[in-house]
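A.B. asks: Here's a structure for you.
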Amino acid sequence: MKKTLYTGVAVAALTAGSAFADGHLTFTPGEGPFSWDSYSAWAESAPDLSGQTVTVSGPWLQPEDAVFRSVIAYFAEATGAEAIYTGSDSFEQQIVVDAEAGAAPNIAVFPQPGLASDMAARGLLTPLPASMGDFVAENYGAGQSWVDLGTFADADGNDQLFGFFYNVNVKSLVWFVPENFEDSGYEVPTTMEELRALTEEIVADGETPWCIGLGSGAATGWPATDWVEDIMLRTQPADVYDAWTTNEIPFNDARVVAAIEEFGWFVGDDDKVAGGAGAVASTDFRDSPKGLFSAPAQCYMHRQASFVPAFFPEGIEFGEDVDFFYFPSYASKDLGNPVLGGGTVMSITDPSDASNALMEFLQLPLAHEVFMAQSGFLTPHKGVNLDAYLNDALRGQGEILINATTFRFDGSDLMPGGVGAGSFWTGMVDYTSGKDAQTVADEIQKSWDALK
């Protein structure tokens, strides 16, 4: 059955919340595409936590809060503990206040690792059970990446695993209309070399390969930073990417300039971009994918993250009207399959036997599958049943995560705000407006130096 992209997510989640509110598990054990055997084995040896309570706080609000409660209901069923989740739209401020006051929940769900890292350095987090690092390394796609991303310095400056990633997102996607590809005889590229060749082939056929827009009000320019970050991960080893995001290597390093120029190969030619290169900076990113669906099509491809279907025309059906492929890596560079994205990270803010047990439960495939089946949840957990995903779009993104060899967070989010949400954005607008890459990189580095 075809499913409209993201249609039904809220309905499914609300339905699940209603079922849980009635005191029942959302999915009957033993039924459906879920990993019941591993859950049952865990439940048989799970500790008896009757009379204990484990509290979790995070940013998830309706409908995700109800979905997560339906997940931890299976933990409560197995252990006898009461598991309570509280969501807040001011979570990032409140968790610091609560932790400083000694009133933190047992587990905190951080929207990204920056705040978790800060709190670990202040002694406000407790390291995860020692076995979790080995589990993640072995059972997550790009497992060591997730271990590294969840490892922070403690109050004494010693690196320890403080974060377990649960619910992530993917940015390394290229969206296209299958019918347009089929009618023109184009094949989905599996390498960057093939993507570049396809771009040139479409131009040679008198068509336009790309729709790209950087407009976003005060945040204009950010879509270009995602392009450059993805290209950095495909042209340089991950440790170079990491050094770039911390300014261990300067922004105007030749490797960074080359990545900007690689982006320019796609965006700087009037024949390659709908509306011409001069329209890229002024085209709103929310409007830019619409050229895929016009008749005749204004473009054949659009690189954007998993959230972009929210800006597609109404009624677009995944698999028929639109599809995506992984923004590919270079076959010639032997850098694996890197993925750019983000994710929420679970950390212990008030240790207890129940909090350790809940973190152990969250390693089970079932703890991911129950969320996968009801909402836009993605996981790199290699043990999950992919059939549990709510729709084909999410399933395809889940496969990309499992097959990744490296995962990295959005680089601009890791940089100081004045750069990552400032000069990097504006610099990319300047670049697409005609300024050369070296000059742009020099100016961004000067802005970073001014913050030191």
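The values are calculated or read from the model by the stated rules, or taken from the named source; none is laboratory data. If you're wondering where the values come from, they're calculated on a predicted model, not measured in any experiment. Note: ideal-geometry Cβ built from the backbone for every residue, glycine included; neighbour counts use all protein chains shown. To get the accessible areas, we keep the full protein, side chains included, count just its heavy atoms, and leave off ligands, DNA and RNA. Shrake-Rupley method; radii C 1.70, N 1.55, O 1.52, S 1.80 Å.
A.B. asks: Can you pull the one-decimal nm distance between simple spin-label points at Ser184 and Asp269, each 7 Å off the Cα toward Cβ?
C.D. replies: Here the modelled spin labels are 1.3 nm apart.
A.B. asks: Between Asp205 and Lys382, 0.36 nm times their residue separation minus their Cα-Cα distance comes to what?
C.D. replies: 59.6 nm
A.B. asks: A further question follows. Using a Debye calculation, one point per C-alpha and no hydration shell, please list log10 I(q)/I(0) for the range 203-359 at q = 0.15 Å⁻¹ in order.
C.D. replies: -0.92
A.B. asks: Can you compute the label reach from His24? Point 7 Å from Cα along the Cβ direction, backbone N cut-off under 19 Å, restricted to the range 32-74.
C.D. replies: In the range 32-74, the label zone of His24 (backbone N under 19 Å from the point 7 Å along Cα→Cβ) covers 32-34, 66-74.
A.B. asks: Which length gain, in nm to one decimal place, applies between Ala103 and Ala197 when the Cα-Cα distance is subtracted from 0.36 nm times their residue separation?
C.D. replies: Value of the extension gain: 28.1 nm.
A.B. asks: While we're looking at this one, here's another question. Report the charge-dipole magnitude of the range 266-422 in Debye, nearest 20, computed about the Cα centre from +1 at each Lys and Arg Cβ and -1 at each Asp and Glu Cβ.
C.D. replies: The calculated dipole for the range 266-422 is roughly 360 debye.
A.B. asks: Under a no-solvent Debye model with one identical scatterer per Cα of the range 57-112, what's log10 I(q)/I(0) at q = 0.12, 0.24, 0.25, 0.28 Å⁻¹?
C.D. replies: -0.30, -0.96, -1.00, -1.11
A.B. asks: Hey, if we sort Leu124, Leu340, Leu414 by accessible area with the 1.4 Å probe, largest down, what's the order?
C.D. replies: The ranking, largest first, comes out as Leu414, Leu124, Leu340.
A.B. asks: What is the Cα coordinate range of the range 373-429 on the first, second and third principal axes, sorted by size from largest, in whole angstrom?
C.D. replies: Dimensions of the range 373-429 along the principal axes of its Cα atoms: 43, 22, 16 Å.
A.B. asks: Accessible area, 1.4 Å probe, largest first: how do Arg234, Arg395 sort?
C.D. replies: Highest to lowest solvent-accessible surface, that is Arg395, Arg234.
A.B. asks: What figure in square angstrom, to the nearest 10, would you give for the accessible area of Asp205 with a 1.4 Å probe?
C.D. replies: Surface accessible to solvent at Asp205 totals approximately 80 Å².
A.B. asks: Is any helix in the chain, taking whole DSSP H runs, at least 15 angstrom long along its axis by alpha carbon and on average at least -1.0 on the Kyte-Doolittle scale, and which ones?
C.D. replies: Working: long enough: 9-21 (18 Å, 1.84); 64-79 (23 Å, 0.49); 192-204 (18 Å, 0.20); 222-235 (20 Å, -0.26); 254-267 (19 Å, 1.09); 392-403 (16 Å, -0.07); 437-451 (22 Å, -0.39).
Long hydrophobic helices here: 9-21, 64-79, 192-204, 222-235, 254-267, 392-403, 437-451.
A.B. asks: Provide the solvent-accessible area of Asp442, counting protein heavy atoms only and rolling a 1.4 Å probe, rounded to the nearest 10 Å².
C.D. replies: For Asp442, the solvent-accessible surface is approximately 50 Å².
A.B. asks: Under a plain spin-label model, where a point goes 7 Å from the Cα along Cα-to-Cβ, how far apart in nm are Ser40 and Lys435?
C.D. replies: 6.4 nm
A.B. asks: Taking the Cα centre of the range 42-148 as origin, work out the dipole magnitude from +1 charges on Lys and Arg Cβ and -1 charges on Asp and Glu Cβ, in debye rounded to 20.
C.D. replies: So the magnitude is around 100 debye.
A.B. asks: Let me check against my output: what whole-number percent is the relative contact order of the chain, with C-alpha pairs under 8 Å and at least 6 apart?
C.D. replies: Once normalised by length, the contact order is 25 percent.
A.B. asks: Here is a follow-up. From the residues Tyr389, Met359, Ile400, which one has its Cα farthest along the dipole of the range 353-401 in the positive direction, the dipole being from +1 and -1 charges on Cβ of Lys/Arg and Asp/Glu about the Cα centre?
C.D. replies: My answer, from the dipole projection, is Ile400.
A.B. asks: What number in nm² do you get for the range 291-372 if you take the convex hull of its Cα atoms and divide its surface by four?
C.D. replies: Answer in nm², one decimal: 9.6.
A.B. asks: How big is the convex hull of the Cα atoms of the range 128-269, per residue, in Å³?
C.D. replies: Numbers: hull volume 25.0 nm³, N = 142.
Measuring per residue, one finds 176 Å³ for the Cα hull of the range 128-269.
A.B. asks: Restricted to Cα positions, what overall size does the chain have along the principal axes? Three whole-Å values, descending.
C.D. replies: So the three principal-axis extents are 69, 54, 38 Å.
A.B. asks: Over the chain, with every protein chain in place, what whole percent of the accessible area is carbon and sulfur at 1.4 Å, could you tell me?
C.D. replies: 47 percent
A.B. asks: Would you tell me the accessible area of Val177, worked out with a 1.4 angstrom probe on the heavy atoms of the protein chains, in Å² to the nearest 10?
C.D. replies: 10 Å²
A.B. asks: Okay, next question. Distance in nm between label sites at Gln144 and Ala310, each 7 Å beyond Cα in the beta-carbon direction?
C.D. replies: Here the answer is 3.5 nm between the modelled labels.
A.B. asks: Once fully extended, how much extra length lies between Ala331 and Ser294, figured as 0.36 nm per residue of separation less the alpha-carbon to alpha-carbon distance?
C.D. replies: Taking 0.36 nm per residue and subtracting the Cα distance, the gain is 10.0 nm.
A.B. asks: Taking the alpha-carbon centroid of each part, what is the distance from the range 226-258 to the range 338-391 in angstrom?
C.D. replies: Value for the Cα centre distance between the two parts: 30 Å.
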